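Enquirer: This is the structure I want to talk about, given as structure tokens.
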């Protein structure tokens, strides 16, 4: 399989910050939607985009907490959205479309990680439903506002996609639930979503990218006990980082999604997985968890996942 999955020499790297990748880029008059744009990487993304001149809509499951978090940041508006509830997704999209605005950037940033076995909607596994299906439905419902401006759609995945391909025989983990493999499947779905959306959206000038932001300790770890993070070697018994160099700051973690959303270096490109503010290489055969796994960028699996997602959510802007 040929792939565009190769570094382009962006000039940025793992320690670049969101502000640094936006230097010289004027987003005045641009509108961005950043899901979860009030916490962790999302908040840093919102800050950076507004500093560059963009207006940012922050859909949030907890609107009051979101308004408190973005207080003092200009050009931000908060609205309610629960990605695990398709009625909430539809209602948000309808409110936004009623405003008559078009979108220049969509960053599907919100997500949950390694949660205990949880079911939402009609019994769907929560990580797959929230991280993937909710964002799938959101972008499809917002398509009338995304297509006219030739927006960039950014799907925030993770190196966790190395944990699992799509479990086609049991995507909702009706048997043998494993929270880390379930997270991995959801993150693989985020990559495949960008592959297929890019293929479908190119005719409208819409391009899609996915990415691994890097290892960052944020509220995303809220489902993990301290003992588990100690066992994984992330923190010590006092809660301090064991190896600070192994983790990025939130400002560094937000950089790759901001770069993918705005960089002129990516003009005419799309459907690729990025890390450290550059296009990632294919994962090496030795099993090292860098780059992107072949199953996550496979166009046939991407098309298959799109069909499954359309069937599950009842939404498909390209039907």
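Please treat every number below as a calculation from the coordinates, not as lab data. Since this is a predicted model, take the numbers as computed values, not measurements. Because the Cβ atoms are built from the backbone with ideal geometry, glycine has one as well, and the counts that use them run over all protein chains shown.
Enquirer: Given labels modelled 7 Å from the Cα in the Cβ direction, how far is it in nm from residue 99 to residue 204?
Expert: According to this spin-label approximation, the distance is 1.8 nm.
Enquirer: Follow-up. Using the basic label-point model (7 angstrom from Cα toward the beta carbon), what is the residue 316 to residue 289 distance in nanometres?
Expert: About 3.4 nm separates the two model spin labels.
Enquirer: Another question, then. Spin-label point model (7 Å from Cα, Cβ direction): what's the residue 170 to residue 115 distance in nm?
Expert: So the two model labels end up 2.1 nm from each other.
Enquirer: Hey, another quick one. I'd like the antiparallel share, as a percent to the nearest 5, of DSSP beta bridges with both residues in the chain.
Expert: Given both bridge residues lie in the chain, the antiparallel proportion sits at roughly 15 percent.
Enquirer: Also: Students often check this: by mean Cβ neighbours within 10 Å, which of 127-136, 177-186 ranks highest, and how do the rest follow?
Expert: Going by the mean number of other Cβ atoms within 10 Å, highest first, we get 127-136, 177-186.
Enquirer: Taking 0.36 nm per residue of sequence separation and subtracting the Cα-Cα distance, how much length would be gained by fully extending the chain between residue 51 and residue 20, in nm to one decimal?
Expert: Here the answer is 10.0 nm.
Enquirer: In whole percent, what relative contact order does the chain give with Cα contacts below 8 Å and a gap of six or more residues?
Expert: 23
Enquirer: Follow-up. Counting each DSSP H run of 4 or more residues in the chain as -39500 (n - 2.57), what helix-only mean residue ellipticity at 222 nm follows after dividing by all residues, to the nearest 500 deg cm²/dmol?
Expert: -9500 deg cm²/dmol
Enquirer: May I pose another question? In the calculated pair distance distribution of the range 94-190, what percentage of Cα-Cα distances lie above 23 Å?
Expert: Numbers: 1474 of 4656 pairs.
Cα-Cα pairs in the range 94-190 separated by more than 23 Å: 32 percent.
Enquirer: By how many nm would the segment from residue 90 to residue 304 grow when fully extended, if each residue of separation counts as 0.36 nm and the alpha-carbon distance is taken off? Show your work: numbers first, answer last.
Expert: Working: separation 214, 0.36 × 214 = 77.04 nm, distance 2.33 nm.
Stretched out fully, the residue 90 to residue 304 stretch lengthens by 74.7 nm.
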